[in-house]
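Read the structure below first, then the notes.
The numbers here are math on the coordinates, done by the rules we state, and not lab data. It should be emphasised that the depicted structure is a prediction, and the values quoted were computed from it without experimental measurement. Virtual Cβ from ideal backbone geometry, glycine too; neighbours counted across all protein chains shown.
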């Protein structure tokens, strides 16, 4: 009987610990890529529900470059900026996952500048079997005429382009861009143990 009570107490303690919030360290002036930035996206996307509504399209802009490297972090060592972790799933309008989808990102740095001669803050990741993807980056700065945003293209496994859009950062709610496509506004849901702001976002595309 005592052994059963001790086992029950241990289970309760484990459940309580699993539900406790994580206290993140303070973010410094520069960012070092997290050593575990490849946290399995399928664990993080469990609470994200698929609405079935297609993600709004948005302009490509003049700074897209083909040939971005495949990687799960766009952060270079010592790069200034607030680290964020964008994660979610790529699914079709029926909420079926699109395994092997390519999700391509490009953005400005913390000063509002694009790298148009190399691949700084440019890169793509590949969705896994359940459609989950993860990308680590920094919060981009706005520049004249544009609120803070991150460009995204989604490609099918066969290379067909499925979506060109932009994600808008918290604080841009009053911009004309977000008013025109409010579903493209991301929200921070907390920090992880590496001090990264967590930003869940599902891409729902027509296959």
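Sorting 193, 136 by the number of Cβ atoms found within 10 Å of their own Cβ, with the fewest placed first, yields 193, 136. Among rounded, prolate and oblate, which fits the range 90-176 when a ≥ b ≥ c are the square roots of the eigenvalues of its C-alpha gyration tensor, a/c under 1.5 means rounded, and a/b larger than b/c means prolate? Cα axes put the range 90-176 in the prolate bin. Pull out a ≥ b ≥ c, the square roots of the eigenvalues of the alpha-carbon gyration tensor of the range 28-205, then state rounded if a/c is under 1.5, prolate if not and a/b is larger than b/c, and oblate in the remaining case. Since a/c stays below 1.5, the shape of the range 28-205 is classed as rounded. Taking other Cβ atoms within 10 Å as a rough exposure proxy, 161, 139 sort from fewest to most as 161, 139.
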